[in-house]
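Okay, structure first, notes after.
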Amino acid sequence: MKIEIMNYHHLFQNYSRREVLMRSGLGIGWMAASTVLQESLHANPSTLNQHNPHTLAARRPHFPARAKAVIHIFANGGPSHIDTFDPKPKLEEYAGREIPGALKTERRTGAALPSPFRFQQYGESGLPVSELFPSVARHADRLLVVRSMHADVPNHEPSLLLMNCGDGRLVRPSAGAWVTYGLGTENQNLPGFVAMCPGGYPISGTANWRSAFLPGVFQGTYIDTKKKKGDELVEYIRHPVLDEKVQREQFELMAALDQKHLQQRKTDAALESRITSMELAWRMQFEAGEAFDVTKEPKHILERYGDTPHGRQLLIARRLVERGVRYVQVWHGAGQPWDSHQKIEQNHRKLAGEADKPIGALLDDLVGLGLLDSTLVLWGGEFGRTPTVELPNDAGTKTATGRDHNHHGFTVWMAGGGVKGGVAYGATDEFGFKAVENPVHVHDLQATMLHLLGLDHKKLTYRHSGRDFRLTDVHGRVLTDWLA
Amino acid sequence: MAAGTLELDARGGPGMNPLDPDNGARRTLYSWVDRQDVPGVLRTFDIANLDTTVHVRSTTLVPQQGLVMLNSPLVIDAAKKVANRLSDESNTQSRIEQLWRIVFARSPQRDEIQMVQEWIEKSEGLSSDDFGVWPQLAQALMSTAEFQYVD
């Protein structure tokens with residue numbers, strides 16, 4: 001049934017479309033209105049499962065949280081733990097020889113390849129860190145280095161999805177989406193979940209920050225941090241033609257018409273919240289423009305991070321967390337930069353050279369601003385790399401200078417947000433192949449991260465397709481040993 | 001619809017890019033969309049999850065939706081097309097009445113006409129050629145709650 005309002009306008013010219021529909025008995029408008037009203041009433045997290053809030057309004061966690069925000073620094077491609085945070089001197093003994101108990105790898109691998117990088121102990125804890133990360137190493141006493149991570153398969157896409165979404169194959173919401181679904185965000189003038197990657201998407205693209213079956217509002221907002229100017233970074237943040245003065249006039253006319261509309265309806269909570277949302281959009285233009293603008297920082301701060309995409313995006317991450325953004329994910333670059341199948345020494349040296357100084361500066365700043373205790377910083381990739389060298393292929397295009405993927409054992413580190421500092425948790429075998437002591441599956445990492453945010457990973461659920469879903473699905477243990 | 005470009009009669013045929021201003025004016029049923037890279041505009045307005053069957057879409061209310069209305073090329077292009085539908089006559093009041101009928105399907109009230117006339121006087125000096133007073137007005141009207149929400 002189609003109402004040809006245009007043709008009958010002479011009959012309906014004094015009625016709004018709403019009135020036409022109401023008088024025609026098609027009260028569909030009321031259903032939509034009641035949904036929005038329900039949203040504003042049910043912000044209580046104890047009723048999270050029944051009346052799922054679809055807004056980004058800040059809500060209380062299940063129990064008192066240690067962390068209020070997350071900065072996830074994703075070294076996509078799979079950084080080698082053996083060359084960074086998990087020293088394996090035994091590899092020197094076996095250099096050039098096959099190691100006993102070598103596990104199946106995705107490509108053909110051969111003899112032991114010792115790390116070309118020197119390790120040194122740092123801080124009072126004496127945590128060993130390789131020469132690739134000296135700025136991060138200054139913060140050794142604040143780091144919880146988890147050396148016994150393990151994932152399911154040695155491939156990028158499923159491992160990325162497992163790390164970010166809790167499942168390697170099926171379409172599931174990302175961790176950032178779950179966290180903003182559970183907690184909302186503190187600043188309604190900025191997106192609650194931001195994903196930054198310079199120069200394009202990582203492998204698996206936008207799936208890494210998707211909302212899947214959660215409401216679209218919880219999807220990550222992607223920012224290409226290769227761009228420098230503030231108004232190129234956030235989509236639709238500025239009018240392409242009108243300047244602020246002219247747009248303000250336009251906005252005020254629209255707002256005046258809205259107010260008139262509201263007055264005619266006496267009390268209409270749904271309408272009021274929609275008008276408010278438009279006002280927030282107006283404010284977001286300026287607040288988001290300002291938050292992403294690193295030139296607002298003093299020069300010496302910019303220099304400590306470095307005027308590179310990596311420097312700028314970590315500085316932006318700090319600014320976002322300062323302004324109440326809940327979950328910030330920062331990627332190394334498009335594709336899979338840390339995936340050093342070849343020339344591990346040159347490639348890892350270059351990559352760490354890009355990442356180390358900004359990460360150190362970020363940790364310095366979070367400490368200086370008193371934000372580290374309430375911000376969980378997590379560094380890692382989707383898996384690690386093999387202690388054995390990747391062999392040349394038959395085509396002869398590869399030289400035996402790199403490492404293959406290794407999901408059996410790898411390292412992530414955390415700082416702040418309630419974790420212990422100066423601690424190495426768990427261990428891989430003497431060669432660094434497999435997690436053997438206190439193995440930590442990706443789901444355990446996710447369960448514990450949610451715990452630090454005050455969320456019970458078993459209770460943060462969403463009903464879809466007939467059952468309750470959660471980030472950790474039917475897996476995951478909270479590792480209380482990590483808590484300070 | 002207000003831009004007068006929605007093609008309801010074209011059925012079947014190949015899909016199109018929904019954001020293409022020249023060719024995208026069909027129902028999203030006919031969209032060609034990359035599931036891995038859903039356009040932000042569609043995401044912002046709660047397009048159904050393209051990876052599975054969805055019996056009911058979620059409804060959200062977020063400022064990013066407002067940003068689309070304020071600044072996106074899609075809306076700005078639509079505003080220009082709405083303004084182009086206005087007849088060439090120079091009588092401001094009848095142009096306002098015509099715009100109201102296109103966007104709101106009703107006649108403007110007296111005080112609304114006055115509000116807009118005052119606004120036009122203020123804005124005439126400030127506007128650029130590329131996006132003049134009438135497209136700006138069309139965009140403002142399309143951003144109001146009355147236009148966007150049927151209830």
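Got at least one residue in the stretch A:374-388 being open to solvent by 20 Å² or more (accessible area, probe 1.4 Å) and more than 16 Å from A:Pro154 (Cβ to Cβ)?
Within the stretch A:374-388, the first condition is being open to solvent by 20 Å² or more (accessible area, probe 1.4 Å), and the residues that meet it are A:374.
Subset that is more than 16 Å from A:Pro154 (Cβ to Cβ): A:374.
Checking the stretch A:374-388: at least one residue is open to solvent by 20 Å² or more (accessible area, probe 1.4 Å) and more than 16 Å from A:Pro154 (Cβ to Cβ).
Annotation note: of A:Thr55, A:Thr105, A:Thr84, the sole residue that is assigned to a loop (DSSP other than H, G, I, E, B), among the β-branched types (Val, Ile, Thr), farther than 28 Å from A:Ser159 by Cα and open to solvent by less than 40 Å² (accessible area, probe 1.4 Å) is A:Thr55.
When restricted to residues that are at the interface with chain A (Cβ under 7 Å from one of its Cβ atoms), of a type in the set (A, V, I, L, M, F, W, C) and within 17 Å of B:Leu70 (Cβ to Cβ), the stretch B:99-125 contains 1.
To keep it simple, each residue is scored yes or no on (1) among the charged types (D, E, K, R); (2) within 20 Å of A:Tyr236 (Cβ to Cβ); (3) within 14 Å of chain B (Cβ to nearest Cβ); (4) in a helix (DSSP H, G or I).
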site: A:Ala256; (1), (2), (3), (4): no, no, yes, yes
site: A:Thr276; (1), (2), (3), (4): no, yes, yes, yes
site: A:Ala281; (1), (2), (3), (4): no, yes, yes, yes
site: A:Phe286; (1), (2), (3), (4): no, yes, yes, yes
site: A:Gly311; (1), (2), (3), (4): no, no, no, yes
site: A:Ile316; (1), (2), (3), (4): no, yes, no, yes
site: A:Val325; (1), (2), (3), (4): no, yes, yes, no
site: A:Val330; (1), (2), (3), (4): no, no, no, no
site: A:Gln346; (1), (2), (3), (4): no, no, no, yes
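Please verify whether A:Val246 is outside any loop (DSSP other than H, G, I, E, B) and at the interface with another protein chain (Cβ under 7 Å from one of its Cβ atoms), treating the condition exactly as stated. When the stated conditions are applied, A:Val246 passes them. Filtering the stretch A:220-246 to residues that are closer than 24 Å to A:Leu315 by Cβ and out of contact with any strand residue (DSSP E or B) (no Cβ under 7 Å at 6 or more places or on another chain) leaves A:Asp224, A:Lys226, A:Lys227, A:Lys228, A:Lys229, A:Gly230, A:Asp231, A:Glu232, A:Glu235, A:Tyr236, A:Ile237, A:Arg238. Among the candidates A:Glu272, A:Glu297, which residue alone is more than 27 Å from the chain's Cα centre (by Cα) and either closer than 28 Å to A:Ala361 by Cα or open to solvent by 20 Å² or more (accessible area, probe 1.4 Å) (or both)? Testing whether each residue is more than 27 Å from the chain's Cα centre (by Cα) and either closer than 28 Å to A:Ala361 by Cα or open to solvent by 20 Å² or more (accessible area, probe 1.4 Å) (or both) leaves just A:Glu272.
Is it true that B:Ile96 is more than 7 Å from chain A (Cβ to nearest Cβ) and open to solvent by 20 Å² or more (accessible area, probe 1.4 Å)? Here the answer is no, as B:Ile96 does not meet what is asked.
Need at least 1 residues that are open to solvent by 60 Å² or more (accessible area, probe 1.4 Å) and without any contact (Cβ under 8 Å) to a residue 24 or more places away in the chain per element, so show me which strands (runs of 3 or more DSSP E) inside the stretch A:392-484 make the cut, counting only ones lying wholly within it. Give the steps one after another, and end with the answer.
Values: elements: A:403-406, A:410-415, A:423-425, A:435-437, A:462-464, A:467-469.
In the stretch A:392-484, the matching strands (runs of 3 or more DSSP E) lie at A:467-469.
Within the option set A:Arg265, A:Arg248, A:Arg238, being open to solvent by 10 Å² or more (accessible area, probe 1.4 Å) and under 26 Å from the mean Cα position of the chain (by Cα) holds for one residue only, A:Arg238. Restricting attention to the stretch A:150-162, does a residue exist that is modelled with pLDDT of 95 or more, within 20 Å of A:Asn347 (Cα to Cα), over 23 Å from the mean Cα position of the chain (by Cα) and buried (at least 16 other Cβ atoms within 10 Å of the Cβ)? Among the residues of the stretch A:150-162, not one is modelled with pLDDT of 95 or more, within 20 Å of A:Asn347 (Cα to Cα), over 23 Å from the mean Cα position of the chain (by Cα) and buried (at least 16 other Cβ atoms within 10 Å of the Cβ), which makes the answer no.
The values are calculated or read from the model by the stated rules, or taken from the named source; none is laboratory data. Quick caveat, the model's predicted, so the values are computed rather than measured. Every residue, glycine as well, gets a Cβ built from its backbone with ideal geometry; the counts of neighbours run over all protein chains shown. For accessibility, only protein heavy atoms count, side chains too; no ligands or nucleic acids. Shrake-Rupley method; radii C 1.70, N 1.55, O 1.52, S 1.80 Å.
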